[in-house]
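Trainee: Got a structure for you, questions after.
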Amino acid sequence: MAKLTGSEKGVGTRTANLGRDREIAGDFVNPPVVRASTVLFENAADMHSGRTRYTYARRGTPTLDALAGAIADLEGAAGTVLCPSGLSAISTAILSFVLAGDHVLVPDAVYGPMRTFASDVLARLGVAVEYYDPTNADTISSVLRSTTRIVYIESPGSNTMEMQDIPAIAEAAHRAGAIVIADNTWATPLYCKPFELGADVTLLAATKYIGGHADLMLGTVSGTAECWQAIRRFHGATGLCVGPDDAWLALRGLRTLEVRLERHQGSALRVAEWLAAHPAVGRVMHPALPTDPGHSLWQRDMTGSTGLFSFTLANADDAAASVFLDALALFGLGYSWGGYESLAVIGSRGLERSFGGAAAGSEPLVRLHIGLEDPDDLIADLDQAFVAAG
Ligand SMILES: *Cc1c(COP(=O)(O)O)cnc(C)c1O
């Protein structure tokens, strides 16, 4: 089979073929799960040459490289490193670039555990973190400083789903000499190309849609040619690596990503539209709905939407939201998302915002992940839970 060299083929063709190397897999369709620490060299000269493809499993194996290469191709990156979780992809992306005294700008709707990383780790290292309004790209210039090293983007944001104007933010950041790191977990490289929008580094919680089956933890960090060496150096120096089984499962998940996302997208839109018409619902936060404040940005910058969105319960409190969640039969109550199964959480519980609660409002916010079940069944389940919650 000829090696796939670039982005000229359709996405289904690429997800079916990326990471397949006949030199490694032989006559088999899939690469082997290479369980390894030590790599043996032909002779002492090879051992010290630094020219052999593999030197030690922490620095790469055929299984790990197949996945990293496939993600790099889909993101359009110069290279990709694999991390043991999405959160470690966040910390790797940031720590690859910051020095003591640097300033980092983080959107207010950022993934919650990122705030803990900022306060518990970055602050201790002398890196100043400041939160900015994700929905107002015009204000970014006023918060950029001469010491700003990173402008972080997560679009849409966690729980409240605010879309960000990536090109406008990237332009302001670059003018100030900062780099842009974008969390691309929600849209995946299939529906958003952050590098084309001006990002310098992208990251994915591959735990979510890439894996797609709620059975692994994994993260990826990808960079442009200018940023890639710094990421690779930090990743190598800190000894980050992932197990071969997780990488292999993620590669298997990738094969079906396009068809799974189509189903997640269609079902989530159906459920979101149904919710928007329901009297017990306050607001539906889903950027692919024409009524969403981020809709025009979504339309401009993304080619699809996925299965995760939120809504508020009108005239209800957290206790009523708990009754609603407990009444759900098909939605599991659990963290994470991106698997084949539907999930629900109260997204407003413990929601931290520096810009007040305006984004979420005072109504309880329920975050749904719409899985691959039949959407009619999911809607019926939500319907009976509304009745149960009164
Ligand atoms: C879940 C998530 C992460 C972290 O991924 P883990 O694999 O759970 O550590 C990062 N970013 C976003 C947007 C997420 O939803």
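Trainee: Would you check if VAL98 is β-branched (Val, Ile, Thr), assigned to a loop (DSSP other than H, G, I, E, B) and free of Cβ contacts under 8 Å to residues at least 60 places away in the same chain?
Mentor: Yes, satisfied.
Trainee: Looking only at the range 380-390, how many residues end up being surrounded by fewer than 16 Cβ atoms within 10 Å (Cβ to Cβ) and part of a helix (DSSP H, G or I)?
Mentor: Final tally of qualifying residues: 5.
Trainee: Something else now. When you scan the range 21-93 for helices (runs of 4 or more DSSP H) that lie fully inside it, which ones turn up with 1 or more residues that are within 16 Å of the ligand (Cβ to nearest atom) and at pLDDT 95 or above? Write out each step before concluding.
Mentor: On the way: elements: 22-25, 44-49, 62-75.
Correct list: 62-75.
Trainee: Would you call VAL284 in contact with a helix residue (DSSP H, G or I) (Cβ under 9 Å, 6 or more places away or on another chain), assigned to a helix (DSSP H, G or I), more than 16 Å from the ligand (Cβ to nearest atom) and of a type in the set (Val, Ile, Thr)?
Mentor: No; evaluated as a whole, the condition is false for this residue.
Trainee: Tell me whether the range 157-177 contains one or more residues that are within 16 Å of the ligand (Cβ to nearest atom), crowded, with 22+ Cβ neighbours inside 10 Å and within 12 Å of the chain's Cα centre (by Cα).
Mentor: Checked against the condition, which is being within 16 Å of the ligand (Cβ to nearest atom), crowded, with 22+ Cβ neighbours inside 10 Å and within 12 Å of the chain's Cα centre (by Cα), the range 157-177 yields at least one hit.
Trainee: Continuing with the same structure: Which of the residues spanning the range 357-379 are modelled with pLDDT under 95 and open to solvent by 40 Å² or more (accessible area, probe 1.4 Å)?
Mentor: Answer for the range 357-379, where residues must be modelled with pLDDT under 95 and open to solvent by 40 Å² or more (accessible area, probe 1.4 Å): GLY357, ALA358, GLY361, SER362, GLU363.
Trainee: Can you tell me which residue in the range 211-223 is farthest from GLU154 (Cα to Cα), limited to those that are hydrophobic (A, V, I, L, M, F, W, C) and near the ligand (Cβ under 10 Å from one of its atoms)?
Mentor: Among those residues, the one meeting the criterion is LEU216.
Trainee: Restricting the first residue to the range 185-208 and requiring it to be open to solvent by 10 Å² or more (accessible area, probe 1.4 Å) and modelled with pLDDT of 95 or more, which pairs with a second residue that is of a type in the set (Gly, Ala, Ser) and in a strand (DSSP E or B) meet a Cβ separation below 6 Å and a spacing of at least six or different chains?
Mentor: Short answer, once both residue conditions are applied: THR185/ALA205; ALA205/GLY219.
Trainee: Right, something else. Out of the range 124-140, which residues are in a loop (DSSP other than H, G, I, E, B) and either closer than 23 Å to ALA205 by Cβ or in contact with a Leu (Cβ under 9 Å, 6 or more places away or on another chain) (or both)?
Mentor: Selection gives LEU125, GLY126, VAL127, PRO134, THR135.
Trainee: Here's another thing I want to ask about it. Got at least one residue in the range 131-150 being within 16 Å of the ligand (Cβ to nearest atom), open to solvent by less than 10 Å² (accessible area, probe 1.4 Å) and hydroxyl-bearing (Ser, Thr, Tyr)?
Mentor: no
Yes/no per residue for (1) in contact (Cβ under 8 Å) with a residue 24 or more places away in the chain; (2) among the hydroxyl-bearing types (Ser, Thr, Tyr); (3) more than 29 Å from ILE210 (Cα to Cα):
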position: ASP301; (1), (2), (3): yes, no, no
position: PHE311; (1), (2), (3): yes, no, no
position: ALA314; (1), (2), (3): yes, no, yes
position: SER336; (1), (2), (3): yes, yes, no
position: GLY339; (1), (2), (3): yes, no, no
position: PHE355; (1), (2), (3): yes, no, yes
position: ILE379; (1), (2), (3): yes, no, no
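The values are calculated or read from the model by the stated rules, or taken from the named source; none is laboratory data. Values in this document were obtained by computation on a predicted structure and should not be read as measured data. As a convention, Cβ positions derive from the backbone with ideal geometry for all residues, glycine included, and neighbour counts pool all protein chains shown. Heavy atoms of the whole protein, side chains included, go into the accessibility calculation; ligands, DNA and RNA do not. Shrake-Rupley method; radii C 1.70, N 1.55, O 1.52, S 1.80 Å.
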